[in-house]
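Working notes for the structure below.
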Amino acid sequence: MAMQAHEIEDLIRAGFPDAKITITDLAGDGNHWAAEVIDASFAGMNRVQQHRAVNATLKEKLAGSNGALHALALTTKAPE
């Protein structure tokens, strides 16, 4: 079952309440998404650590073949 942009944002926002979050449907099918997450907590983290932190907020939706979130391209960074 496809996810809606607001559902993805809500999950990420739960872990990063002050983040600037932009969600984009890449294919128009509700299955292929891009998320840009800009949050101060990423300062001092490398990209892998940042992505792991975001993925942790989505763990239930990404898990296994039954995951509702099929594909997510992440861009993460600390604010400039």
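Once the chain from A5 to A40 is taken as fully extended at 0.36 nm per residue, the excess over their C-alpha distance is 10.4 nm.
How big is the antiparallel share of DSSP beta bridges in the stretch 1-75, given as a percent to the nearest 5?
On the way: 6 of 11 bridges.
If I count the DSSP bridges inside the stretch 1-75, around 55 percent turn out antiparallel.
Taking only protein heavy atoms and a 1.4 Å probe, what accessible area per residue, in Å², does the chain have with all protein chains in place? The partial results should precede the final answer.
On the way: 4980 Å² over 80 residues.
Result: 62 Å² per residue.
Heavy-atom accessible surface of L11, to the nearest 10 Å², is about 50 Å², with a 1.4 Å probe and all protein chains retained. Computed with a 1.4 Å probe over protein heavy atoms only, the accessible area of E60 comes to about 150 Å².
When the square roots of the Cα gyration tensor eigenvalues are ordered a ≥ b ≥ c, the ratio a/c for the chain is 1.5 or more and a/b exceeds b/c, which makes its shape prolate.
Against the chain, whose longest principal axis comes from its Cα atoms, helix 5-15 is set at around 40 degrees.
Within the accessible surface of the chain, defined with a 1.4 Å probe on protein heavy atoms only, the carbon and sulfur portion equals 50 percent. Between 0 and 90 degrees, rounded to the nearest ten: what's the tilt of helix 47-57 against the longest Cα principal axis of the chain? Roughly 50 degrees, rounded to the nearest 10.
The values are calculated or read from the model by the stated rules, or taken from the named source; none is laboratory data. Keep in mind the model is a prediction, meaning the values are calculated, not measured. Heavy atoms of the whole protein, side chains included, go into the accessibility calculation; ligands, DNA and RNA do not. Shrake-Rupley method; radii C 1.70, N 1.55, O 1.52, S 1.80 Å.
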